[in-house]
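Worksheet: the structure to be examined is printed underneath.
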Amino acid sequence: MEAPKVTAARDLIRENFSDIFQEDLPAGHRPERFEGGYHRINIEPGHKPPSQPVRTIPVPMMEELKRQIIKYVELGILRPSSSPYGCPIIFAPKPGGKWRMCCDYRALNNITIKDTYPLPPHDTLLEQLKGARWFSRFDFNQFFHQIPIHPDDIHKTAIRTRYGSYEWTVMPFGLTNAPATALRVGNRAFFDFIDQSLVIFMDDTIVYSPDFDSHVKHVRQFLQRCRDHQFYIRPSKVELFVRSIDFIGHHISEAGLSIIEDRIRAVMAIQPPVSYGPTVGKQPLRRMAKDGKSSLRSFLGMVGQFRRFIPKFSKIAEPLNRLLKDNAEFVWESEQQQAFDNLKSAICHAPVLQLPDQKLPSIMEVDESGTHVGQVVLQDQGKGMKPYYGYHSVTLSDTQRRWPIPEIELFAIVEGFRFFRHILLGAPETIVRSDHQPLVYFQSKSTLSPKQARWLDELSEYNFRIEHISGEKIKMITEEGQPLFEISHILSDKITRGVKYYLVRYAGYGPEHDTWVKATELTNAADMIAAYEG
């Protein structure tokens, strides 16, 4: 049950900032706000203005086209044009049976000088939320349409329609540099809040705080800045004063980082890219489904964005990646089917990952298998040793596989520090655990090959020591083949969006693999659930 103070604070925020909570953008000029607050369209020298004819659209869309033109003209963000530029328009469906008018700016984008403004890495955005216990989400109402076009570039945005030519006074969707401008404007407007109480990615903004009173303050600061700059928020998509939140494909809470349920369901729904199911024995599946390689790339891309949750991802996925090599014959055998199933199972049973605390020491466990190296970084934040940030693994090249075992083991350490650099550089201490005893003496070794000397120089940036540990104690590696997910304990429970979850521990796995699982998926653990609830 929600505390009365939370409900009261939420209602007061909506009342005090009702002027910027707008489901529809108000009419009027969009301010520049600060120097550089415009969108620019810089054309490569020597190109004529691209001018394309009106594109035919279905008759039922004609009325919708007219309605949207009238709406945007009345808002002051679209106006009649006599520009030599001109692109066609198309319509794309939106949720709820609505339609979006889209501008086909491909010809213009081809001659536009690209803006190299950096996109923030998702990992960095997620890591900033360490220690947060309260969250609020804000969605800018058509953020692109809240950013003005520079007066010298308005004519370049012209569109050609059945009802004449029009040009945008605000940044339309479809321009190649629009995302870069949106990030630049957001970073400039909220610079002093970013990474202190705010993360922003395009029009998706999260305010986060360690306690409730701080969160009320941070939310008010953010909304006041929106008011100062005349930014408008869509009220129907606001989430105020919540204890967990979904952001860029991940579920974030005080407990840590997990994969959102929608992404898990999407992965589980994917079928093998073959025309019929696996056969008995080693008989290959000889028939590839239409666009089989494309479908396989799509699957690997989808699960790959969550590889941090999967120990030895590279090794598990190798039989699938092998099919995507140039001139490789697409033969789907039991090896590929097992890899496909293992990846789906690993996503379904993904652990909850901690967000790193850079004030605490860390442990990096490394392992090599002859064809792959893998790493995981763990930390004890008061609830036992658990992984944070995620797992990492790489496939060794043919040349690397011919290296001596000590060099491969050393490379595993180097690769681990490279991948986790932004977390481990400057950390109090990192204990590197390896099952290769000679590595303990590597830092004091007097005779080094040129390669080893380069690696030692690279590692000198970090405060670390190497500790030997037997291979059986390395927890990051599952056994070959299908992992066994037999539940040994139920540790906790929660209700998220009306769905009951249990925090379970799997037999043979440590607390770093504790996972939230839907109650409906625990049909084989009914007795254990009854004992827990009793």
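The number of residues in the stretch 121-141 being crowded, with 18+ Cβ neighbours inside 10 Å and under 19 Å from Pro179 (Cα atoms) comes to 4. Set side by side, the residues Leu360, Leu396 differ, and just one is touching a residue at least 24 places away in the same chain (Cβ under 8 Å), farther than 18 Å from Phe309 by Cα and in contact with a His (Cβ under 8 Å, 6 or more places away or on another chain), which is Leu396.
If you go through the stretch 229-254 and keep only what is part of a strand (DSSP E or B) and of a type outside the set (Phe, Trp, Tyr), you end up with Ile233, Glu239, Leu240, Val242, Ser244, Ile245, Asp246, His250, His251, Ile252, Ser253. Contact annotation: no residue pair with Cβ atoms under 6 Å, 6 or more positions apart or on different chains, pairs a residue in the stretch 68-84 that is free of Cβ contacts under 8 Å to residues at least 60 places away in the same chain with a partner that is basic (Lys, Arg).
Listed here are the residues, each with its yes/no results for (1) hydrophobic (A, V, I, L, M, F, W, C); (2) at positive phi; (3) in contact with a Ser or Thr (Cβ under 7 Å, 6 or more places away or on another chain); (4) at pLDDT 90 or above.
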site: Ser83; (1), (2), (3), (4): no, no, yes, yes
site: Ile90; (1), (2), (3), (4): yes, no, no, no
site: Pro95; (1), (2), (3), (4): no, no, no, no
site: Met101; (1), (2), (3), (4): yes, no, no, no
site: Ile113; (1), (2), (3), (4): yes, no, no, yes
site: Phe138; (1), (2), (3), (4): yes, no, yes, yes
site: Gln146; (1), (2), (3), (4): no, no, no, yes
site: Ser165; (1), (2), (3), (4): no, no, yes, yes
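If we keep just the residues of the stretch 416-432 that are of a type outside the set (Val, Ile, Thr) and in contact with a Leu (Cβ under 9 Å, 6 or more places away or on another chain), which is nearest to Leu456 (Cα to Cα)? My answer is Phe417.
Could you list, in sequence order, all residues of the stretch 1-59 that are polar (S, T, N, Q), in a loop (DSSP other than H, G, I, E, B) and closer than 22 Å to Ala178 by Cα? Scanning the stretch 1-59 gives Asn42, Gln52. For the stretch 72-113, taking the residues that are of a type in the set (S, T, N, Q) and not in a loop (DSSP other than H, G, I, E, B), the one that is surrounded by the fewest Cβ atoms within 10 Å (Cβ to Cβ) is identified as Asn110. Looking only at the stretch 72-81, which residues are of a type in the set (Ser, Thr, Tyr) and at pLDDT 95 or above? Passing the criteria: only Ser81. Quick check on Thr116: is it among the β-branched types (Val, Ile, Thr), outside any loop (DSSP other than H, G, I, E, B), touching a residue at least 60 places away in the same chain (Cβ under 8 Å) and under 30 Å from Tyr208 (Cβ atoms)? It is false that Thr116 is among the β-branched types (Val, Ile, Thr), outside any loop (DSSP other than H, G, I, E, B), touching a residue at least 60 places away in the same chain (Cβ under 8 Å) and under 30 Å from Tyr208 (Cβ atoms). Within the stretch 167-189, restricting attention to residues that are in contact with a Ser or Thr (Cβ under 8 Å, 6 or more places away or on another chain) and of a type outside the set (Ser, Thr, Tyr), the residue that is farthest from Leu65 (Cα to Cα) is Gly186. Of everything listed in (1) within 18 Å of Tyr166 (Cβ to Cβ); (2) out of contact with any strand residue (DSSP E or B) (no Cβ under 6 Å at 6 or more places or on another chain); (3) without any contact (Cβ under 8 Å) to a residue 60 or more places away in the chain, the single unmet condition for Pro53 is (3). If you check Thr176, Thr157 for being touching a strand residue (DSSP E or B) at 6+ places or on another chain (Cβ under 8 Å) and modelled with pLDDT under 95, only one passes: Thr176.
When residues in the stretch 176-231 are screened for being of a type in the set (Lys, Arg) and touching a Cys at 6+ places or on another chain (Cβ under 9 Å), 0 of them pass.
If you take the residues of the stretch 40-75 that are aliphatic (A, V, I, L, M) and in contact with a Gly (Cβ under 9 Å, 6 or more places away or on another chain), which of them is farthest from Ala27 (Cα to Cα)? Among residues in the stretch 40-75 that are aliphatic (A, V, I, L, M) and in contact with a Gly (Cβ under 9 Å, 6 or more places away or on another chain), the one farthest from Ala27 (Cα to Cα) is Val54.
Within the stretch 33-71, if we keep just the residues that are of a type in the set (Asp, Glu) and surrounded by 10 or more Cβ atoms within 10 Å (Cβ to Cβ), the residue that is modelled with the lowest pLDDT turns out to be Glu64.
Looking at the stretch 418-438, is at least one residue farther than 25 Å from Gly256 by Cβ and surrounded by 20 or more Cβ atoms within 10 Å (Cβ to Cβ)? Scanning the stretch 418-438, I find at least one residue that is farther than 25 Å from Gly256 by Cβ and surrounded by 20 or more Cβ atoms within 10 Å (Cβ to Cβ), so the answer is yes.
I'd like the full set of residues that are over 23 Å from Arg263 (Cβ atoms) and in contact (Cβ under 8 Å) with a residue 24 or more places away in the chain, limited to the stretch 319-348. Scanning the stretch 319-348 gives Leu323, Phe330, Val331, Trp332, Glu333, Ser334. Only one entry of Ile154, Ile147 meets the criterion of being within 22 Å of Arg30 (Cα to Cα) and either in contact with a Lys or Arg (Cβ under 8 Å, 6 or more places away or on another chain) or without any contact (Cβ under 8 Å) to a residue 12 or more places away in the chain (or both), and that entry is Ile147.
Applying the set (1) touching a strand residue (DSSP E or B) at 6+ places or on another chain (Cβ under 8 Å); (2) acidic (Asp, Glu); (3) over 16 Å from Asn321 (Cβ atoms) to Glu333 leaves exactly one unmet item: (3).
Beta carbons closer than 7 Å, at least 6 apart along the sequence or on distinct chains, pair a first residue in the stretch 435-464 that is within 19 Å of Ile405 (Cβ to Cβ) with a second that is at pLDDT below 75 and in a helix (DSSP H, G or I) for Asp435/Gly471.
For (1) over 21 Å from Phe231 (Cα atoms); (2) among the β-branched types (Val, Ile, Thr); (3) under 21 Å from the mean Cα position of the chain (by Cα), each residue gets a yes or a no:
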| position | (1), (2), (3) |
| --- | --- |
| Pro95 | yes, no, no |
| Trp99 | yes, no, no |
| Thr116 | yes, yes, yes |
| Met171 | no, no, no |
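The values are calculated or read from the model by the stated rules, or taken from the named source; none is laboratory data. These numbers were taken from a predicted model, which means no experiment stands behind them. Positions of Cβ are backbone-derived with ideal geometry, glycine not excepted, and every protein chain shown enters the neighbour counts.
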